[in-house]
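A short write-up of the structure that comes next.
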Amino acid sequence: MDLALIRKSMVDDQLRNRGIKDRRVLEAFLKVERHKFVPEDLLDNAYADFPLPIGEKQTISQPYIVALMTEKLELKGTERVLEIGTGSGYQAAILAELVKQVYTIERFDALAKQAQATLLAMGYQNIKITVGDGTLGWPEEAPFERIIITAATPRVPQPLFEQLAEGGKMILPLGDFAGQVLTLVEKKNGQPHTQDICGCVFVPLVGKFGQ
Ligand code: SAH
């Protein structure tokens, strides 16, 4: 199995063909070995066009959704980004290719440990992982120019909006089990400006300011 070739097909068929254009984003997806973030028994599906289970009833998102969320953040390379929901660590690795520093919070210790091991083995030096309730954010490291929430919540957790820098962007699935909309939130003059992107399906954001 030529995984580099399969990865290239994923980038062409699932990302480029569906409108992902940011050259840096496409390059990150060509580079990051997604198969290292999925359980071994699912290796054959590592580059498939759907989410996969990663344990603790959680999932690694479909490649296209990871790419879309990443592109919408309009990353230049200088940013400090906060991710809520480390999961497998795949989104964190993609971000680490594109920004200065990634902070990521996971509520399950086992997932955080596994992601940490994967990311360390790949040599990433610009990702900090912590275990806890991500809806509270990471006040010691705030403000963040970008925030990405990879689990669904009916409303933007207030602490996270507070920890978003002025002029910053946050992307998240807004909604519950019944339905969710991928939403971009920009902070302008301290106020949220939101834009709906598309329907989506994520596991719930469980926490004090989540579901
Ligand atoms: N970004 C991940 C996919 C995440 S799935 C990846 O690339 O693989 C969503 C993750 O959010 C799950 O691992 C879940 O445990 C986590 N999560 C849910 N609520 C959370 C909370 N309040 N704080 C931190 N993590 C949370």
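Scalar couplings 3J(HN,Hα) for the stretch 21-28, obtained by applying the Karplus form with A = 6.51, B = -1.76, C = 1.60 to θ = phi - 60°, are 10, 4, 4, 5, 5, 4, 5, 4 Hz; x denotes Gly and Pro. Compared with the dominant Cα axis of the chain, that is its longest principal axis, helix 63-72 is turned about 40°.
Sorting the Cα pairs of the stretch 142-211 by distance into bins of 10 Å, from 0 upward, gives 23, 53, 22, 1 percent per bin. Gyration tensor over the Cα atoms of the stretch 23-67: the corresponding equivalent ellipsoid has semi-axes (square roots of 5 times the eigenvalues, largest first) of 19, 11, 8 Å.
The stretch 74-121 and the stretch 15-50 have their alpha-carbon centroids 15 Å apart. Computed 3J(HN,Hα) for the stretch 136-142, one whole-Hz value per residue from the Karplus formula 6.51 cos²θ - 1.76 cosθ + 1.60 where θ = phi - 60°, is 8, x, 9, x, 4, 9, 6, glycine and proline marked x. Dipole size of the chain about its Cα centre, with +1 on Lys/Arg Cβ and -1 on Asp/Glu Cβ: approximately 400 debye, rounded to the nearest 20. Residues ARG80, ARG18, ordered by accessible area of protein heavy atoms at a 1.4 angstrom probe radius and largest first, appear as ARG18, ARG80. Helix 109-121 and the longest principal axis of the Cα set of the chain meet at an angle near 60°. The convex hull built on the alpha-carbon positions of the chain has an orientation-averaged projected area of 10.7 nm². Between ILE54 and THR59, ILE60, the built amide H atoms are under 5 Å apart, and every one of these is 5 or more places off in sequence or on another chain. Working note: 222 nm ellipticity from helices only, DSSP H runs with n ≥ 4, each -39,500 (n - 2.57), summed and divided by the residues of the chain, gives -7000 deg cm²/dmol to the nearest 500.
Taking amide H as placed 1.01 Å from N in the peptide plane, GLU145 has its amide H under 5 Å from the amide H of ARG80, ALA165, each at least 5 places away in sequence or on another chain.
Karplus-derived 3J(HN,Hα) values for the stretch 152-162, using 6.51 cos²θ - 1.76 cosθ + 1.60 with θ = phi - 60°, are 8, 9, x, 8, 5, x, 3, x, 6, 5, 5 Hz; glycine and proline are entered as x.
The values are calculated or read from the model by the stated rules, or taken from the named source; none is laboratory data. Computed from a predicted model, the values in this text were never measured in an experiment. Note that each Cβ is placed from the backbone with ideal geometry, even for glycine, and that neighbours are counted across all protein chains shown. What goes into the accessible areas is simple: the full protein's heavy atoms, side chains included, and nothing from ligands, DNA or RNA. Shrake-Rupley method; radii C 1.70, N 1.55, O 1.52, S 1.80 Å.
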